[in-house]
Amino acid sequence: MEKRVVFNGKLLPYLLLAPQLLITLVFFYWPAGQAVLQSFLVQDAFGLSTEFVWFENYQVLFSKPEYYKSMLTTAIFSSLVAFFSLSIALLLAVQADRHIKFASGYKTLLIWPYAVAPAVAGVLWLFMFQPSLGIVSQSMRVAGFEWNPLLRQDHAMMLVVMAATWKQISYNFLFFLAGLQAIPKSVIEAAAIDGARPARRFWTIIFPLLSPTTFFLLVVNIVYVFFDTFGIIDAATQGGPAKGTETMVYKVYSDGRSGGDLGGSAAQSVVLMVIVIALTAIQFRYVERKVQY
Amino acid sequence: MSDVRLQSVRKVYPGGVEAVKGVSLEIADGQFCVLVGPSGCGKSTLLRMVAGLETISGGTCSIGDREVNEVEPADRDIAMVFQNYALYPHMSVYDNMAYGLRNRGTPKDEIDRRVREAARILEVEPFLERRPRALSGGQRQRVAMGRAIVRKPKVFLFDEPLSNLDAKLRIQMRVEIKKLQRALATTSIYVTHDQLEAMTLADQLVVMNKGQVEQAGAPITLYERPITIFVAGFIGAPPMNLLDLPVTGLPGLALASPPSGPVTLGIRPEHLELSAEAGSLSLDLTVTAVEAVGAESYIYGALGGQGPEIIVRIPGRDLPAIGTSLRAIARPENLHFFSRETGLRLN
Amino acid sequence: MVERRRLLDFLPHLILIIGVAIVAFPVYVAFIASTWDAATISNGSMPLRPGPHFAENYYRTIFVGTSSSTREPVGTMMLNSLIMALTIAIGKIAISLISAFAVVYFRFPFRMTAFWIIFVTLMLPVEVRIFPTYKIVADLNMLDTFAGLTIPLIASATATLLFRQFFMTVPDELVEASKIDGAGPMKFFVDTLVPLSITSIAAMFVIQFIYGWNQYLWPLLITTKDNMQTIVIAIKKMIVTQDALTEWQLAMATAILAMLPPVLVVVVMQKLFVKGLVETEK
């Protein structure tokens, strides 16, 4: 789509674009390029000489078990958060959709966690599950369940999953509710006349009609878990205990922090870039399909 | 003097499409000129070239004594009324009208005087502080006109200004536009695809087709003596009956003095009358449909029983039954003959 | 709905109320904690009702600061966060508006190239280029400055795409009317296009303000001085893991203060927020 009517101007459009392009080139393309270049280089321990080594950094990276561990952690983390935040949000959205009158009130009460910083969310949940003084972990201890996310990896994972899910429910709820409200009421009424009980109606009519929204949210949630949960992990577990909650993004950060292996760290960044590109591509294929509908 | 002169004006789009193929027109000072034609005939492009919204690929356009090919729209001393009004939605009616004057640095009290005067003429005074979205279609149309007249331009340009209004309002606004233009005596160019609008508004009517002017002149001249088949078919409602006559003639059709070669014969429905006699043109029809629209009625008949369809307009509501045979005749002065090859008028 | 049974009518409310309660619970606990003293919290006997130390804790948090980990009062940090969030939000909107304007309303060589350069940045989130970007900011001497904190985050493909999409829906006739009314491109931009875009701008502002306020990784790297800290990174620093020294009541007061501005923005400007969310995902 193009505008038919435009202005004349030779220099002006470039001036208008200059700030955006300048920032993009300096702070996006240059560092991204650096990362790619760096991932093909090996630097000696004193940073005195560098050598071009082709894919050696990648070979090293993919020969390390801890890299696979971070991949697995990311996969578990993403699937749990996506599953829980999508199902809880869908459950709530379906209930809200039944009472359109109150839907907007519940919306207000449910959407605000979106605005809470991930790091703050991490701290809130850490506080509730803090082994010695946390209000939830204490009640669990009374119930005979020893809870310690500071020592046990699975407990730590559950903690970050809960915090990340809590934050993402609001977003999913909004889109599910919008998706539900876009389903024509007549279709549901027709199903009711056809004798489908509410539960059956949901799985045979509503859920299939909602699938574009669900798919879209799935992709968005994975992107969210990959990149936006850094603050949650850093605040709640720092990737611990014993790297039990170290996702791929967190690993780039902590490896880079400890310094040393510049090339390996850069290779990790490049792998992440490839993943983002893939996810974005999927997202845009979806958008294209949506346009055709 | 604010006449508009177009000399061999052409518009070629970057893709090579020639939308306007050399149009020459003279629009006298104070004249109301209407460009009419089917969609895609180049009439809007021509108007937009006069406005300066499209560049002119060839030829010249002058307003007054000045050639304006390279002049910016704002400096051409024109005003334009758009089909969708193009009012600034975020500005009040007052500001919509004042915006152009402010941009030219007109003194504040002068702006105020002109806006209020225009508002009074167009009867939009009560709405001056409202936003366009709070107005009805007709009111928006008036504001769009107001925005044009406050500028006191040399030329008004109208781009199908009434086509977004409903039928009743369209007739009302048509009359008002005409009155206003008479009162202001400003040269106007008006684009429409509605031939009734064109006939009623125009001092000079220009029929365009495929990027060229088919005929220009007083509306009644175009009606009485169309010089091409296209104009003959385009002007008038219901349209003129056009019959391709082979040398051998057509069954059911009798001409007192037949032409020597193959021609297209034109006869307006209102120039046919039912008669048992033979006229200089006689058409024997079998009635296929009838329509009574009140003061007059239309009879649709197949020539010679199964030939081309002919429309006859008769006064009153005394309609024949479907299937009856009847004869329609016409006087010689109402017959139009066109060349089959060139489409040009022969008589 | 189709069924008219009372149980079915009430059940959704029940589920929703439980949902709302679970969502609100962590924040409630944090608020309660921010009204008790350190001792009550650390011996694990904090009740679930507000305590008597509200004023004291918030006063200390805002104006004095914690005793150990972060020496700056939270008031200063909130100011830093506010400056950062506003600069990022306004900056993003400003440069995206003008670049979308250039791409939509002009024809010039490399127009589509420029568009794609901006578009591809969607695929380069800060997390994947964090250290090279850090190095550039360090080389430009922008560490511990608001410029370093904000400028690298100001480029925005999302906002540019959103504004481009909106501009495409603005009728061409408005441009033509403006031309006839004697307005050049910049005058059209300021007098007509920006006022018309005002809801999109406001929706974008809500989203980007939250984005800016909640920045974590970037300020963590760029700021080293205490007086440049933002509230979101400070709260994490207040928690000394496995250490009883954490002043939880102050940390929780800080958490409440850290979420207050963005949450208020979302609740008060809910319509714009939803519009912004939906439109940026198109």
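The values are calculated or read from the model by the stated rules, or taken from the named source; none is laboratory data. A quick note: this is a predicted structure, and the numbers were derived from the prediction, not measured. Every residue, glycine among them, receives a Cβ derived from its backbone with ideal geometry; neighbour counts consider all protein chains shown.
List the helices (runs of 4 or more DSSP H) that sit entirely inside region A:160-241 and contain at least 3 residues that are modelled with pLDDT of 85 or more and closer than 30 Å to C:Leu124 by Cβ.
Values: elements: A:185-193, A:198-201, A:207-223, A:230-236.
Counting at least 3 such residues, we get A:207-223, A:230-236.
Let me spell it out: the conditions are (1) in contact (Cβ under 8 Å) with a residue 40 or more places away in the chain; (2) under 16 Å from B:Glu214 (Cα atoms), and B:Glu26 meets all of them except one. Which number is the exception?
(1)
Is it the case, given these coordinates, that C:Leu122 is assigned to a loop (DSSP other than H, G, I, E, B), farther than 17 Å from A:Pro19 by Cβ and of a type in the set (A, V, I, L, M, F, W, C)?
Criteria not met by C:Leu122.
A:Leu150 passes all but one of (1) at pLDDT below 90; (2) facing chain C (nearest Cβ under 8 Å); (3) farther than 14 Å from C:Ser45 by Cα; (4) part of a helix (DSSP H, G or I); which number fails?
Among (1) at pLDDT below 90; (2) facing chain C (nearest Cβ under 8 Å); (3) farther than 14 Å from C:Ser45 by Cα; (4) part of a helix (DSSP H, G or I), A:Leu150 violates only (4).
Residues being surrounded by fewer than 18 Cβ atoms within 10 Å (Cβ to Cβ) and either touching a Ser or Thr at 6+ places or on another chain (Cβ under 7 Å) or of a type in the set (A, V, I, L, M, F, W, C) (or both): count how many of those fall in region C:251-278.
Qualifying residue count for the region: 7.
Residue by residue, here is whether (1) touching a residue at least 12 places away in the same chain (Cβ under 8 Å); (2) of a type in the set (A, V, I, L, M) holds:
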| site | (1), (2) |
| --- | --- |
| B:Thr60 | yes, no |
| B:Ile78 | yes, yes |
| B:Tyr88 | yes, no |
| B:Tyr94 | yes, no |
| B:Leu101 | yes, yes |
| B:Arg131 | yes, no |
| B:Ser136 | no, no |
| B:Arg142 | yes, no |
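Against the condition part of a loop (DSSP other than H, G, I, E, B) and among the β-branched types (Val, Ile, Thr), how does B:Thr342 come out, does it pass? Talk me through it step by step, then tell me what you get.
Numbers: part of a loop (DSSP other than H, G, I, E, B): yes; among the β-branched types (Val, Ile, Thr): yes.
Answer is yes for this residue.
Scanning region C:132-143 for residues that are buried (at least 22 other Cβ atoms within 10 Å of the Cβ) and facing chain A (nearest Cβ under 7 Å), which turns out modelled with the highest pLDDT?
Of all residues in region C:132-143, those buried (at least 22 other Cβ atoms within 10 Å of the Cβ) come to C:132-133, C:137.
Among the residues that remain, those that are also facing chain A (nearest Cβ under 7 Å) are: C:132-133.
Working: C:Pro132: 86, C:Thr133: 89.
It comes out as C:Thr133.
Which number in (1) surrounded by fewer than 21 Cβ atoms within 10 Å (Cβ to Cβ); (2) within 24 Å of A:Phe83 (Cα to Cα) marks the one condition that A:Ala196 misses?
(2) is the only condition that A:Ala196 fails.
Check A:Val116, A:Val94 and return the single one that is out of contact with any Cys (no Cβ under 8 Å at 6 or more places or on another chain) and more than 26 Å from A:Pro198 (Cβ to Cβ).
Just a single option satisfies the conditions, and that option is A:Val116.
If I go through region C:154-172 residue by residue, how many of them are assigned to a helix (DSSP H, G or I), within 8 Å of chain A (Cβ to nearest Cβ) and within 20 Å of C:Phe209 (Cα to Cα)?
Here the count works out to 2.
I'd like the full set of residues that are polar (S, T, N, Q), in contact with a Pro (Cβ under 9 Å, 6 or more places away or on another chain) and within 18 Å of B:Arg10 (Cα to Cα), limited to region B:43-91.
The answer is none; no residue qualifies.
Checking C:Thr192 against (1) within 11 Å of chain A (Cβ to nearest Cβ); (2) free of Cβ contacts under 8 Å to residues at least 24 places away in the same chain; (3) crowded, with 21+ Cβ neighbours inside 10 Å, which test does it fail?
(1)
For region B:77-98, which residues satisfy the criterion of being over 17 Å from B:Thr45 (Cα atoms) and either of a type in the set (D, E, K, R) or at the interface with chain C (Cβ under 7 Å from one of its Cβ atoms) (or both)?
B:Asp77, B:Ala86, B:Tyr88, B:Pro89, B:His90, B:Asp95, listed by residue number.
Select the helices (runs of 4 or more DSSP H) contained entirely in region A:2-97, then report the ones holding at least 1 residues which are within 7 Å of another protein chain (Cβ to nearest Cβ), buried (at least 20 other Cβ atoms within 10 Å of the Cβ) and touching a residue at least 60 places away in the same chain (Cβ under 8 Å).
Here the list reads A:30-38.
For C:Asp226, which of the numbered conditions (1) among the acidic types (Asp, Glu); (2) more than 30 Å from C:Phe131 (Cα to Cα); (3) surrounded by fewer than 15 Cβ atoms within 10 Å (Cβ to Cβ) fails to hold?
Result: C:Asp226 fails condition (2) only.
Among the listed residues B:Gly236, B:Gly261, B:Gly249, B:Gly266, identify the single one that is modelled with pLDDT under 90 and either assigned to a helix (DSSP H, G or I) or buried (at least 17 other Cβ atoms within 10 Å of the Cβ) (or both).
After applying the criteria, what remains is B:Gly236.
Kindly evaluate C:Val27 against the criterion of being surrounded by 13 or more Cβ atoms within 10 Å (Cβ to Cβ) and closer than 21 Å to C:Thr254 by Cβ.
yes
Scan region A:127-137 and tell me whether some residue there is surrounded by fewer than 17 Cβ atoms within 10 Å (Cβ to Cβ) and aromatic (Phe, Trp, Tyr).
no
Among (1) within 24 Å of B:Met91 (Cβ to Cβ); (2) within 14 Å of the chain's Cα centre (by Cα); (3) among the charged types (D, E, K, R), where does B:Lys178 come up short?
Among (1) within 24 Å of B:Met91 (Cβ to Cβ); (2) within 14 Å of the chain's Cα centre (by Cα); (3) among the charged types (D, E, K, R), the lone unmet condition for B:Lys178 is (1).
Quick one: is A:Gln181 in contact (Cβ under 8 Å) with a residue 60 or more places away in the chain and either in contact with a Lys or Arg (Cβ under 8 Å, 6 or more places away or on another chain) or over 30 Å from A:Ala119 (Cα atoms) (or both)?
Taking the combined requirement at face value, the residue satisfies it.
Residues B:Glu273, B:Glu291: which one is under 21 Å from B:Glu224 (Cα atoms) and among the acidic types (Asp, Glu)?
B:Glu273
In this structure, does C:Val175 turn out to be surrounded by 21 or more Cβ atoms within 10 Å (Cβ to Cβ), assigned to a helix (DSSP H, G or I), touching a residue at least 60 places away in the same chain (Cβ under 8 Å) and within 14 Å of chain B (Cβ to nearest Cβ)?
It is true that C:Val175 is surrounded by 21 or more Cβ atoms within 10 Å (Cβ to Cβ), assigned to a helix (DSSP H, G or I), touching a residue at least 60 places away in the same chain (Cβ under 8 Å) and within 14 Å of chain B (Cβ to nearest Cβ).
Within region C:69-81, is even one residue among the aliphatic types (A, V, I, L, M) and within 9 Å of chain A (Cβ to nearest Cβ)? If you could, list the steps in order and put the result at the bottom.
If we filter region C:69-81 for residues that are among the aliphatic types (A, V, I, L, M), which is where we start, we get C:74, C:77-79.
If we keep only those that are within 9 Å of chain A (Cβ to nearest Cβ) too, we end up with none.
No; the residues of region C:69-81 include none that is among the aliphatic types (A, V, I, L, M) and within 9 Å of chain A (Cβ to nearest Cβ).
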